[in-house]
Each structure stands twice: as C-alpha cells, then as structure tokens.
1. What angle, in degrees between 0 and 90 and rounded to the nearest 10, separates the Cα long axis of helix 122-137 from the longest principal axis of the Cα atoms of the chain?
2. Springs between alpha-carbon pairs under 10 angstrom, Gaussian network model over the chain: which of 227, 12, 43 fluctuates most?
3. Convert each backbone phi in segment 25-38 into a coupling constant with the Karplus relation 6.51 cos²θ - 1.76 cosθ + 1.60 (shift: θ = phi - 60°), then list the ³J(HN,Hα) values in order as whole Hz, x for Gly and Pro.
4. Using the count of nearby Cβ atoms within 10 Å as a rough guide to exposure, how do 279, 104 rank from fewest to most?
5. Can you put 241, 16, 51, 118 in order of Cβ neighbours within 10 angstrom, beginning with the fewest?
6. Build a GNM of the chain with springs between Cα atoms under 10 Å: which of 74, 186, 55 gets the top mean-square fluctuation?
7. Using alpha carbons only, how many degrees (0 to 90, rounded to 10) separate the axis of helix 218-232 from the longest principal axis of the chain?
8. Is it possible to state the helix-based mean residue ellipticity at 222 nm for the chain, with each DSSP H run of 4+ residues giving -39500 (n - 2.57), the sum divided by total residues, to the nearest 500 deg cm²/dmol? What is it?
Amino acid sequence: MKVIRTVRALRKHLSSVKGFVGFVPTMGCFHEGHCSLMRRAKKENACCVVSLFVNPIQFGPSEDLARYPRDLANDTRRARTAGADILFVPDVAEIYPSGEPLTFIDLKGVTDGLCGVSRPGHFRGVATIVAKLLNIVQPHSMYLGQKDAQQVVVIRKMVDDLNFPVKIIVCPTVREPDGLAMSSRNMYLSPSERAQATALSKALKLAHSMVSAGESDATKIIIKIKKLILDETSASIEYVSCVSTSDLRAVRRISGDVLIALAVRFPSARLIDNTVIKFSDDKKISR
Ligand code: AMP
C-alpha cells in the first residue's frame with residue numbers, strides 16, 4: 001500500500017492504474033465499519049483508494065474538530081490489512097490551499113431535516129469535500145456506509161444532479177457484538193454511557209418487531225423508540241424519525257421502504273443509528 005499526501009502524486013500514481021478504481025472516503029480512526037468498505041472496494045476493483053481527511057468545513061464551531069480521534073500509524077496498518085492499495089492523506093492546506101473555499105455544494109431539502117437541524121452547514125461541507133475528492137480520484141465506484149444514512153442520500157443526489165460518473169455502493173452498518181453501531185466517536189463514551197448505548201439498536205429492533213406485528217403508524221413506532229431510549233439511558237433525544245429512503249421526507253405510515261433514523265446526545269458524545277424497513281408487496285418484512 002502506498003501512502004500519498006499530495007493531489008499531484010495521487011493523480012500521477014492513478015494514471016498508471018489499469019482497471020477499475022474503487023474509492024472509500026473517510027476521516028480515519030479506522031474500525032471494522034471502515035475496513036468492511038475497504039475490503040469490498042478491493043474485492044470489486046483493481047485498485048482500492050482510501051482517503052483519510054478530517055474535513056474542517058463539515059464541523060460546526062462548537063463541534064469536535066480539534067479533538068476528533070487521529071491515529072495515522074494504526075490507520076495505516078488497518079488499511080493495508082483490509083487491502084487498500086493507496087491511502088491518500090492530504091493535509092488541510094493541500095485540500096484548501098487558500099483557506100475556506102469560495103465554492104460550495106449546497107443541496108435543498110435532503111439536508112434540512114434529521115442531522116441537518118442540529119448541524120447546519122454539515123452536509124454542505126460533506127458534499128463539497130466529496131465532490132472535490134471525486135474530481136481528484138475519479139473512481140468508478142465509491143463505497144459508503146449505511147451507518148450515515150442521510151449522508152448517503154445527500155451524496156446520491158449530488159452525484160445524480162451533477163452527473164458525476166461514479167457508481168455508489170452502500171455497505172451495511174457494522175455493529176459491535178452487543179448491537180452498538182461502530183463509530184469513531186464511540187471512544188468518547190464513558191463506560192456507563194457505552195453500556196447504555198446498546199439501547200439504540202435495541203430500539204430499532206423493537207421498531208422492526210412492531211412492524212412485523214402489523215403496526216404501520218409511524219407516530220406510534222416513534223413514541224415506543226423514544227420511550228425505550230429514555231427508560232434505558234441518560235441521553236437526550238435529538239430526533240427519532242420515519243422518513244422515505246429516497247428523499248428523507250417524513251412518512252406517517254410504514255408502507256414502501258422506510259428509513260427509521262435517530263440521533264441522541266450523551267454528555268460525552270452524540271450518536272446516530274438507523275434501520276431500513278422494507279415493506280414488500282406481500283407485506284412481508286425483511287431486515
Ligand atoms: P467516517 O470516517 O466516519 O467519515 O466514515 C467513513 C465511511 O465509513 C462513511 O461512508 C461511513 O458511513 C462509513 N462507516 C462509518 N461507520 C460505519 C459502520 N459502523 N459500518 C459501516 N460503515 C461505516
């Protein structure tokens with residue numbers, strides 16, 4: 001695996017690659033979730049490019065940019081083991097040579113709800129860096145995690161609207177054995193918060209069982225999810241929403257594919273999780 005720090009060196013290296021290029025954009029601090037994306041990108045392409053860039057423009061002024069976990073030595077090891085061919089690690093000046101850019105990618109609608117409410121400007125920063133990275137790497141496929149469901153919808157829309165010639169592959173959320181979705185931010189949790197955090201996946205499972213038992217009223221499902229989280233944790237709930245998987249508009253009834261997404265705040269960390277309920281014509285529910 002080659003570690004490359006400049007756009008120029010990356011482009012030079014990629015110009016000699018024959019075959020498909022698969023791309024995994026990340027902010028580092030790799031866990032099995034990241035590695036699953038890398039393994040899949042390597043399996044399906046001649047060359048797997050992983051970017052590691054903690055993108056300052058997607059963090060709000062009171063967010064965790066300064067303390068975001070960084071461990072390049074460990075990340076290099078994990079990316080190599082997962083099969084990455086290139087680890088692209090630019091510094092901030094390489095990506096934003098004149099400071100904050102003058103050009104941003106802004107999307108309407110899909111960035112307003114869910115995490116967009118408490119993180120204004122976050123998805124503008126995400127869309128802008130992903131557009132830049134797509135122009136730099138020019139991959140055939142890009143691998144994203146379902147863990148960040150709103151990010152997937154935002155990037156899909158951007159790629160469609162701006163005709164980026166890239167296929168988006170969404171990989172399942174990788175979880176700890178007790179159900180907690182893996183996240184670089186889990187390490188902020190105190191031992192007691194970590195134990196309580198299993199309530200999130202438990203609440204999403206409860207939603208599945210309610211739908212399997214015939215419940216289709218989104219409000220009733222949301223109330224049960226909130227109750228379980230409030231009963232079992234000290235976290236405050238930022239949102240629990242049932243939305244359409246394609247445009248993230250709120251739905252009242254569970255029919256068609258529905259994304260149930262949530263965000264909670266523990267004193268030490270903000271966590272998100274989600275699940276998709278697939279409602280096929282014969283009313284069978286699958287996970
Ligand atoms: P991040 O480094 O947090 O920006 O994440 C980089 C990529 O890894 C994004 O596409 C995430 O959705 C994905 N990812 C993060 N956590 C997980 C997880 N637990 N399972 C699968 N993919 C994940």
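Rule-based calculations on the coordinates, nothing more; no lab input. Just so it is clear, the structure is predicted and the values come from calculations on it, not from any experiment. FYI the Cβ positions are ideal-geometry reconstructions off the backbone, even for glycines, and counts take in every protein chain you see.
1. For helix 122-137, the angle is close to 40 degrees.
2. The residue that fluctuates most here is 12.
3. Computed from phi, the couplings for segment 25-38 are x, 8, 10, x, 6, 5, 10, 4, x, 4, 5, 5, 5, 5 Hz.
4. The order, fewest Cβ neighbours first, is 104, 279.
5. Working: 241 22, 16 7, 51 25, 118 13.
The fewest-first ordering by Cβ neighbours comes to 16, 118, 241, 51.
6. 74
7. 80
8. On the way: 10 runs with 106 residues, N = 287.
Using -39500 (n - 2.57) per qualifying helix, the result is -11000 deg cm²/dmol.
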